[in-house]
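Reading through the structure tokens given below for one structure.
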Amino acid sequence: METRPKVSVIVPIYRTEATVQRTIDSLRAQSLQDFEAILVDDGTPDGAGAIADAAAAADPRFRVIHQENRGLAEARKSGQRVATGVYHMHLDSDDTLAPDGLRVMYDFAITEDLDVVYPGFTRIIGDKRFEIAPREGRSVIKPREMIDLMLDQEFRYIAGMCFAKHELWHDLDDIFPSSEVRLPSEDIPVNFHLVLRSQRLGLMEEKVYEYYYNPQSLSSTGAFYTQELIHRFFDELERPLRQAGLLDEVSHALDEMKLHYVGFYAREVDTNDPWVARLRAIPKSELRPKYKVLQALLCNNTLRHTLIGANRWLKRLLGRL
């Protein structure tokens with residue numbers, strides 16, 4: 001009888017010919033050998049798909065799905081549909097895992113009977129490495145506490161790297177936002193769905209995910225989104241909270257998160273939009289200092305862009321983006 005691998009790693013591939021071999025090599029170097037790697041060639045026009053084919057030919061733990069370009073969400077869903085591991089995780093094809101990454105996450109998950117694990121990570125910018133963890137040590141928390149942490153804009157984790165039980169990944173069309181629109185973040189709504197399907201979640205300080213800073217990414221180049229797109233992002237975020245009956249409980253934290261996204265990422269703010277008007281009407285006494293400033297900036301796009309640009313420059317300088 002064929003046994004399931006301990007871990008399935010889904011790697012979406014698109015225009016990463018220069019980096020995907022590095023990602024594959026990091027998987028081959030894992031101290032936990034019992035895994036499957038599903039490489040999803042999402043119609044990449046470069047040689048990354050051929051590199052994936054070579055990896056599968058050389059190692060039976062690797063397999064490749066070739067499909068027409070349908071976007072990141074659909075590539076991840078394609079990998080999820082065939083994944084059989086006890087736990088699943090997603091690894092971007094320009095990132096890597098530390099050699100003990102799969103082992104320490106799997107051992108922690110099995111020992112504590114966890115549904116989801118969020119580890120620490122290392123942000124790599126050139127020859128500099130910045131180690132970041134969700135909190136010190138290890139801890140086991142409940143979904144409600146995790147939702148509060150995720151709504152807090154100071155919580156440090158990479159939303160796409162969660163290590164989650166196979167059983168949580170059902171009804172993929174409900175978990176993943178529509179691929180028709182590129183939202184400011186796809187990973188955050190996905191993680192809200194996973195957390196709210198869980199019972200026990202683990203946070204660990206071990207830095208197992210290696211995130212390579214991409215100077216061409218949207219956050220790095222200072223890209224802004226339309227107000228409508230940010231509104232749609234929060235529609236997706238609110239959906240699992242509404243399904244779980246938590247929307248009213250977390251409304252204040254969600255409002256501060258909305259101020260963060262509109263303030264930092266909106267190209268132009270239309271103050272006549274009822275959605276924005278409600279954010280502007282929140283009493284300042286109810287907001288933390290950062291959000292008071294963002295609220296005040298909503299009516300001055302020029303000043304907001306200048307200050308946000310300076311903030312992004314400083315974060316790049318400090319290696320925090």
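Go over the candidates 45, 12, 5 one by one and state the one that is closer than 29 Å to residue 205 by Cα, of a type outside the set (Lys, Arg) and part of a loop (DSSP other than H, G, I, E, B). Give the derivation first.
Values: 45 fails: closer than 29 Å to residue 205 by Cα; 12 fails: part of a loop (DSSP other than H, G, I, E, B).
Testing whether each residue is closer than 29 Å to residue 205 by Cα, of a type outside the set (Lys, Arg) and part of a loop (DSSP other than H, G, I, E, B) leaves just 5.
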task: Working only within the stretch 75-103, note down all residues that are part of a helix (DSSP H, G or I) and either outside the structural domain of residue 13 (by TED's automatic domain parsing) or crowded, with 19+ Cβ neighbours inside 10 Å (or both).
output: 75, 76, 77, 78, 79, 80, 101, 102, 103
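Go over the candidates 18, 57, 50, 37 one by one and state the one that is small (Gly, Ala, Ser) and under 18 Å from residue 214 (Cβ atoms).
Working: 57 fails: under 18 Å from residue 214 (Cβ atoms); 50 fails: under 18 Å from residue 214 (Cβ atoms); 37 fails: under 18 Å from residue 214 (Cβ atoms).
Step by step, each of 18, 57, 50, 37 is checked, and only 18 is small (Gly, Ala, Ser) and under 18 Å from residue 214 (Cβ atoms).
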query: Which of the residues spanning the stretch 213-256 are of a type in the set (Ser, Thr, Tyr) and either at pLDDT 95 or above or in a helix (DSSP H, G or I) (or both)?
result: 219, 220, 221, 251
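In the stretch 281-305, which residues are part of a loop (DSSP other than H, G, I, E, B), hydrophobic (A, V, I, L, M, F, W, C) and surrounded by 11 or more Cβ atoms within 10 Å (Cβ to Cβ)? Full working, then the answer.
Restricting attention to the stretch 281-305, the residues satisfying the condition of being part of a loop (DSSP other than H, G, I, E, B) are 281-283, 287-288, 298-300.
With hydrophobic (A, V, I, L, M, F, W, C) added as a condition, the list becomes 281-282, 287, 298-299.
Answer for the stretch 281-305, where residues must be part of a loop (DSSP other than H, G, I, E, B), hydrophobic (A, V, I, L, M, F, W, C) and surrounded by 11 or more Cβ atoms within 10 Å (Cβ to Cβ): 282, 287, 298, 299.
Surrounded by 13 or more Cβ atoms within 10 Å (Cβ to Cβ), in contact (Cβ under 8 Å) with a residue 12 or more places away in the chain and of a type in the set (Lys, Arg): does that describe residue 258?
Working: surrounded by 13 or more Cβ atoms within 10 Å (Cβ to Cβ): yes; in contact (Cβ under 8 Å) with a residue 12 or more places away in the chain: yes; of a type in the set (Lys, Arg): yes.
Yes; evaluated as a whole, the condition is true for this residue.
Pull up the stretch 150-199, narrow it to residues that are basic (Lys, Arg) and either outside any loop (DSSP other than H, G, I, E, B) or in contact with a strand residue (DSSP E or B) (Cβ under 6 Å, 6 or more places away or on another chain) (or both), then point me to the one that is modelled with the highest pLDDT. Steps first, please.
Residues of the stretch 150-199 that are basic (Lys, Arg), as a first pass: 156, 165, 182, 197.
Of the ones still in play, those that are also either outside any loop (DSSP other than H, G, I, E, B) or in contact with a strand residue (DSSP E or B) (Cβ under 6 Å, 6 or more places away or on another chain) (or both) are 156, 165.
Values: 156: 74, 165: 98.
The qualifying residue modelled with the highest pLDDT is 165.
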Pairs with Cβ under 7 Å, 6+ apart, first in the stretch 127-146 and of a type in the set (Lys, Arg), second in a loop (DSSP other than H, G, I, E, B): 128/319
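Consider residue 60 carefully, then state whether it is assigned to a loop (DSSP other than H, G, I, E, B) and in the same structural domain as residue 164 (by TED's automatic domain parsing).
Details: assigned to a loop (DSSP other than H, G, I, E, B): yes; in the same structural domain as residue 164 (by TED's automatic domain parsing): yes.
Yes.
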field: Residues (surrounded by fewer than 19 Cβ atoms within 10 Å (Cβ to Cβ), part of a loop (DSSP other than H, G, I, E, B) and either touching a helix residue (DSSP H, G or I) at 6+ places or on another chain (Cβ under 6 Å) or modelled with pLDDT under 95 (or both)) located in the stretch 15-42
entry: 17, 31, 32
- line: Per the filter on the stretch 172-193, residues crowded, with 18+ Cβ neighbours inside 10 Å and either of a type in the set (Asp, Glu) or out of contact with any Asp or Glu (no Cβ under 8 Å at 6 or more places or on another chain) (or both) are 175, 184, 185, 186, 187, 188, 190, 191, 192
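The values are calculated or read from the model by the stated rules, or taken from the named source; none is laboratory data. Everything numeric here is computed off the predicted structure, so don't read it as measured data. Virtual Cβ from ideal backbone geometry, glycine too; neighbours counted across all protein chains shown.
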